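This report refers to the structure that appears directly beneath it.
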Amino acid sequence: MNKTVYIIGHRNPDTDAVVSAVGYATLKNLLGHEEYKAARAGHLNPQTAYIFEKFGIPRPEYLPDLVPKVKYYMQNTVETVTADVSVWEAIGKMEKTEIRVLPVVDSEGKYQSLLHYSGFARGVLTILNPEKKHRFSTSISLIQKTLNAQPIYIAGNAEKNFNASIHVGSSSIESFEKRLESHASEDIVVIASDREDIQKICIEHKVKLLITTSNCVIDKNLRALAEENGVSVIVSPYSTSPTSMLIAYSMPVSAMGDKEICTVHQNDTISKIKDLLKNAHCKYLPVVDDENKVIGIISEHDLMKEPNVEVILVDHNEITQAVEGIEHYKIQEVIDHHRIGSIPTKNPITFINRPVGSTATQIAGLYKEYKVPIPKDVASLLLCGILSDTLILQSATVTDVDRDMAEYLSSITDLDIKELGNEILMAGSKVGGRPAGELIHQDMKEYTEGKVTYTASQIEVGNPQEILDRKAEFMEELAVERRAHKTLFSCLLVTDITKLSSLLLIDCDSKFTQFITFPKMEDGVYYLQDVVSRKKQLIPLVTEQVLNYSA
């Protein structure tokens, strides 16, 4: 299984989270690690979308969740056989692989059935049952290939399938001749030894195929008679007994494949397919795409292995903010600049968390650390990440490290810091006509303090009055959010990018209201002067209030 390591930011990602994922994945790729891939755990907000469009950079893959799916466990290298291949050839193919099943496909690679040992064992035993007269589909070509037989004369189309009635020429002339006459209407295949009398009767009765055994070649006169009567003749290198056994395996796999095995798709969840795997005789299921073409195989054993996905988290380190399903995968690294939350790991990991204004600052620093030149387009993204997360280097979170890195990236890209910063902040501050629910979820994070959880969203605007004019709409959406997540409160920090202050809209349990110490403007609205950072300013203040409430 080819492993993929997703580098991904938090849910409802902001610009810093997305550009950091792209920047770090690019660094890993430049260092020769092709398995690393940037991803995002939500849709791009208007500011981030503007940045990617401005610089013509493809958006990272959207991963709405990491709930265990077939594609994270399946074996994506799988042998297949076309429907016209013999069972014997298929068995040989299976013996060379670790997978003891073979999907049967048509000429276009579309799935038809699954060949597995228990299935064709039942089929072969039915054919070899001496108490039952059984005919099976095959062709002269398949018989010849299965036996490694030497063709002497082939009449007609050797590839054409027919229902073969198999007989062994070992009895007396009289009884054998009667047997041929009783099956005259069938396509008869006779396995004969070196008895010329039996060979002659077969040719005279115009059987479909005469097989001589132990490398016994028929007399030239009989060969001429076979051509005259349209009887195909081949010579098996084996004696009569193994020839009789092997011929049963000459049927095409299309006749032996198990058509009752269900197919699954790569995006099916593991919980959905578990019962299908349990009920499958062979404990394997073929994985197909939307065109029903085989792209892999999955077994019960695969589900016991580690998935072929691992993750690196950027711009967050709390489980409540991570993409859904993250607990099922190995976390390789965390690169962040927020408070340290709770995200357990099974193994020791690289954890980089510095009190800087942006994760993008740290990603750019890693290029320097590894002595890898930053591609110009990536440098442009990282500069946008720094300017966005620090409000053009004016936020309370900004450090000299951020300022120095912004100047460094500005030199690489020839982009003016103030001009670019104003451009991207304005791109993200347009809220007119956008639903309140969309704006609240655009950059929303969930936090946990002891037994209390709450959500805090943030938007940046040029004029907070736009939000106050729609206060009822926003308060209603915050109430919906609080009920849905069963939190103590849900709040929205509305940051004025022109005055570098904020308003806080909050819907909370009535018992919590008395613990809110911010200056109150009106019901549910508070004024936070000089507060622009959720991470460094709002959350520490709110944490203190939550602890007082919990006490």
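The table for this structure:
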read-out	value
Residue among LEU387, LEU415, LEU409 that alone is on the phi < 0 side of the Ramachandran plot and either in a loop (DSSP other than H, G, I, E, B) or open to solvent by 20 Å² or more (accessible area, probe 1.4 Å) (or both)	LEU415
Residue count for segment 346-377, restricted to those that are under 27 Å from GLN537 (Cβ atoms) and open to solvent by 70 Å² or more (accessible area, probe 1.4 Å)	3
Selection within segment 224-268 - open to solvent by 10 Å² or more (accessible area, probe 1.4 Å), touching a residue at least 60 places away in the same chain (Cβ under 8 Å), touching a helix residue (DSSP H, G or I) at 6+ places or on another chain (Cβ under 9 Å) and outside any loop (DSSP other than H, G, I, E, B)	SER244, MET245, LEU246, TYR249, ALA255, ASP258, HIS265
Count of residues meeting criterion [open to solvent by 30 Å² or more (accessible area, probe 1.4 Å) and within 19 Å of LYS511 (Cα to Cα)] in segment 450-475	4
Lone unmet requirement of (1) under 26 Å from VAL311 (Cα atoms); (2) surrounded by 17 or more Cβ atoms within 10 Å (Cβ to Cβ); (3) in contact with a strand residue (DSSP E or B) (Cβ under 8 Å, 6 or more places away or on another chain); (4) of a type outside the set (Gly, Ala, Ser) for LEU425	(1)
Spans of strands (runs of 3 or more DSSP E) in segment 455-524 with at least 1 residues under 29 Å from GLU423 (Cα atoms)	489-496, 501-508
Which listed residue is open to solvent by 10 Å² or more (accessible area, probe 1.4 Å) and touching a residue at least 24 places away in the same chain (Cβ under 8 Å), from LEU31, LEU27	LEU31
Within segment 45-62, tally of residues that are at pLDDT 95 or above and in a loop (DSSP other than H, G, I, E, B)	6
Residue count, segment 1-24 (criterion: open to solvent by 10 Å² or more (accessible area, probe 1.4 Å), within 17 Å of GLU324 (Cα to Cα) and not charged (D, E, K, R))	2
Matching residues in segment 531-551 - criterion: being open to solvent by 50 Å² or more (accessible area, probe 1.4 Å) and either in contact with a helix residue (DSSP H, G or I) (Cβ under 8 Å, 6 or more places away or on another chain) or in a strand (DSSP E or B) (or both)	ASN548, TYR549
Selection from segment 287-344 of residues that are under 22 Å from GLY450 (Cα atoms), open to solvent by 50 Å² or more (accessible area, probe 1.4 Å) and of a type outside the set (Lys, Arg)	ILE319, GLU324, GLU327, ILE340, SER342, PRO344
Failed condition for LYS206, given (1) touching a Phe, Trp or Tyr at 6+ places or on another chain (Cβ under 9 Å); (2) surrounded by fewer than 22 Cβ atoms within 10 Å (Cβ to Cβ)	(1)
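A quick yes/no check of all residues on (1) in contact (Cβ under 8 Å) with a residue 24 or more places away in the chain; (2) of a type in the set (A, V, I, L, M, F, W, C); (3) surrounded by fewer than 16 Cβ atoms within 10 Å (Cβ to Cβ); (4) under 30 Å from LYS305 (Cβ atoms):
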site: GLU35; (1), (2), (3), (4): yes, no, yes, yes
site: ARG40; (1), (2), (3), (4): yes, no, no, yes
site: ILE51; (1), (2), (3), (4): yes, yes, no, no
site: ASP65; (1), (2), (3), (4): yes, no, yes, yes
site: LYS71; (1), (2), (3), (4): yes, no, no, yes
site: MET74; (1), (2), (3), (4): yes, yes, no, yes
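The values are calculated or read from the model by the stated rules, or taken from the named source; none is laboratory data. Everything numeric here is computed off the predicted structure, so don't read it as measured data. Don't worry about glycine lacking a Cβ; one is built from the backbone with ideal geometry, like all the others, and counts go over all protein chains shown. Side chains included, ligands, DNA and RNA excluded: accessible areas come from the protein's heavy atoms. Shrake-Rupley method; radii C 1.70, N 1.55, O 1.52, S 1.80 Å.
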